[in-house]
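I have placed the structure first, in the form of structure tokens, so that the comments after it can refer back to it.
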Amino acid sequence: MSAPHDLPPLTAKQLTDDVTAPLFKLPNLIWFHGFGLAQMLAVLLFVAIGCYCVEGYGIFGTNQPVNWGNDITTYIFWIGIAVAGTLVSAILFLFRQKWRTAINRSTEGMTVMAIQIAGLFPLIHTGRPWVDFWLLPYANDRHLWPNFKSPIVWDVFALTAYALCSIIFWYLGLVPDFATVRDRATRPWQRRIYSVLAMGWRGRAEDWNHFERAYAQFAWISTPLVLGMHSTIAILAAVGKVSGWHTTIFAPYFVSGAIFGGLAMAIVLLVPMRSMLKLERYITVDHLERLAKVMLATGLLVAYVYVMEFFAAWYTESPYEKHQFLVFRPTGEWAWGFWTMMTCNVAIPQLLWFKAVRRNLVALFVIAIAVNVGMWFERFVIIALSVMHDALPSTWGHYAFTGFDWMILAGSFGLFFTMILVFVRVAPVVSIAELKALLLRRSHRKEEADHG
Amino acid sequence: MADAAPFVAGFYLDQERFVSACAAARKAGHQPIAFTPWPVHGLEHVLGIKRSFIGRPVLAIILIGFAIGMHMEWFTMAQDWPLNVGGKPYFAWPTFLVVALETGLLFGALTNFALAFHTCKLMPDPDTRLLNDRMTDDTFTLVLPVRAGETAESLSAWLRANRCEDIDVRGAGGPAGAAAVPPAPSSTTTTGEPGTDAHRHEGVTHD
């Protein structure tokens, strides 16, 4: 299989032209349609939040005993998407996986957008979002502090630190590329905007020296942050004495599930994006195939955990664990959700063993969508089904979506795709300088002469 | 920016020629300033640029941030309002590790970002004009400041001898036609040959 550095000769100018072209022209009709649809969905989110602020939390289906329903499920779903982007931008960087260069910027953009949407959900979930600053330790008249012994408070810190770090890491990487766009912009207003964004970057050798060190350090900082952040969310559930949550396997389970679902979302974004922006030469089928392989590997880890959970439930002899895993999930009122999860996360990804499937973009796209559906249901099964039937049968209850639940779920996708569609229009979706350094190690003077 | 010190800039399209010219310039006793459109590994050795110092300060801030986080938790949980939560000790340090670590890493990330901006002298500038628009595209630039005992002509000749593609002289009365053209107001066409759009100025001698 050919890695990006085996591509036919390519000039730096050609690369710059190809990557920056979408920033300087009007987008095509597909973009406008996608943008319009995404905006319409995003409106649902804001309308639902508005109604919620007026009416209160009762508009959602969440109630005793299912205190954690759609909002926390969707929160963890989007967190998972973000985790996969950091895997590509930071962890694969530390492992010197050069193929990450072509997809690094776009997957990290996915992280930045997904983390902001994820952050919205716990803020909604608090019930009174206008006093969400109570989550933070600030000096107040009553000397009240958050309880730092609670993993829920850990999560506040973990998510805040991770979100801020992801955003500034992304921006730092964008600075030299904004400079490239700045120096190519022909409209004065465009040049002004990119000039500010590029912060006067000139590409001095000393600057690159510091820049590259800072970039590597960001990778070192992001890696423990992202693993810690998602493990914290897992521990948050695992410390609860709820059958279905109370397992030590949760942290690696959540992280591998997050990478699995997040890479599926990356594929869903990259497949249309590379053809819409005409970047097939840079984001190649090889890249998507490698993503599919990582997806398959993490999918197998997730499948292993599914099996282990059943085994552990049977082996512990706890009647409530056994009821949760062996009776309620596969045969209860939400059995269809459980079997959707099993089909989408365990059965369908096995098709990725075949090279022909991995390299068929339509098949890959469909599988990736299936995995996204499956991963949403996975979080739903873990969170909502566990609290529906906990260790106290007298409190068992039901859960159903209301219209507002559908609105915030659909609206979160709308907002995500709105932001992604704006991102591909205003920033280079491939890291230009990094990719040039990778692709153009050789002399490119001859090709340049040919291009005039 | 008007009273920039005089300098001569040589433009290269070939990375290897450029790197060897940088090496030669340093050997010949010039004070070369190199600009590259992408990071060129090995150039820092050629130019004698030291490894960036920003590692240790960031590590120190991470540790300080960790200590601040732990102190905050000790103060709030054990000092200001000790609260018995499930019979755990007031200062239950193992449960405080996560928040302290996150605080440390966040401080470290922000410091890393600030140091990167500081060391690269990055500041919002609404009208950055480089010597040449292709400096961030595909053109390598070697700038030689004109020092006492040197002339723009001698440096230009030196650059030509070192196989540069084009030359731009700024600041002093350079060779006819090479520079000293006043900046045009907007016009930003990407010209075929680097260095020919001599009206592009500023940017190089900030420091």
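The values are calculated or read from the model by the stated rules, or taken from the named source; none is laboratory data. On a predicted model such as this, the values are computed, not experimentally measured, just so you know. Cβ: placed from backbone, ideal geometry, glycine included. Neighbour counts: every protein chain shown.
Summary table below
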{"item": "Options A:157, A:169, A:211, A:178; residue that is modelled with pLDDT of 90 or more and either among the acidic types (Asp, Glu) or closer than 25 Å to residue B:48 by Cα (or both)", "result": "A:211"}
{"item": "Filter pass, residue B:126 being closer than 30 Å to residue A:428 by Cα, surrounded by fewer than 18 Cβ atoms within 10 Å (Cβ to Cβ) and not charged (D, E, K, R)", "result": "yes"}
{"item": "Counted residues, the range A:164-183 - those being under 21 Å from residue A:221 (Cα atoms) and free of Cβ contacts under 8 Å to residues at least 60 places away in the same chain", "result": "6"}
{"item": "Answer from A:433, A:437 - the residue that is without any contact (Cβ under 8 Å) to a residue 24 or more places away in the chain, within 14 Å of chain B (Cβ to nearest Cβ) and not in a loop (DSSP other than H, G, I, E, B)", "result": "A:437"}
{"item": "Meets criteria (under 24 Å from residue A:198 (Cβ atoms) and either modelled with pLDDT under 95 or not aromatic (Phe, Trp, Tyr) (or both)) for residue B:44", "result": "yes"}
{"item": "Matching residues, the range B:118-141, being more than 7 Å from chain A (Cβ to nearest Cβ), more than 14 Å from residue A:179 (Cα to Cα) and either over 15 Å from the mean Cα position of the chain (by Cα) or in a helix (DSSP H, G or I) (or both)", "result": "B:118"}
{"item": "Pick from the range A:98-152, criterion free of Cβ contacts under 8 Å to residues at least 40 places away in the same chain and buried (at least 22 other Cβ atoms within 10 Å of the Cβ), ranking: farthest from residue A:238 (Cα to Cα)", "result": "A:100"}
{"item": "Residue A:293 being in contact with a helix residue (DSSP H, G or I) (Cβ under 9 Å, 6 or more places away or on another chain) and at positive phi", "result": "no"}
{"item": "Residue match in the range A:195-215 (condition: within 29 Å of the chain's Cα centre (by Cα), assigned to a helix (DSSP H, G or I), charged (D, E, K, R) and more than 13 Å from residue B:35 (Cβ to Cβ))", "result": "yes"}
{"item": "Residue match in the range A:290-308 (condition: farther than 14 Å from residue A:257 by Cα, of a type outside the set (D, E, K, R), at pLDDT below 95 and touching a Ser or Thr at 6+ places or on another chain (Cβ under 8 Å))", "result": "no"}
{"item": "Filter result for the condition that a residue is modelled with pLDDT under 95 and assigned to a loop (DSSP other than H, G, I, E, B), over A:423, A:401", "result": "A:401"}
{"item": "Members of the range A:145-184 found to be within 7 Å of another protein chain (Cβ to nearest Cβ), in a loop (DSSP other than H, G, I, E, B) and not polar (S, T, N, Q), listed by number", "result": "A:145, A:148, A:149, A:183, A:184"}
{"item": "Enumerated helices (runs of 4 or more DSSP H) restricted to the range B:1-106, each holding at least 1 residues that are more than 10 Å from chain A (Cβ to nearest Cβ) and closer than 30 Å to residue A:145 by Cβ", "result": "B:55-74"}
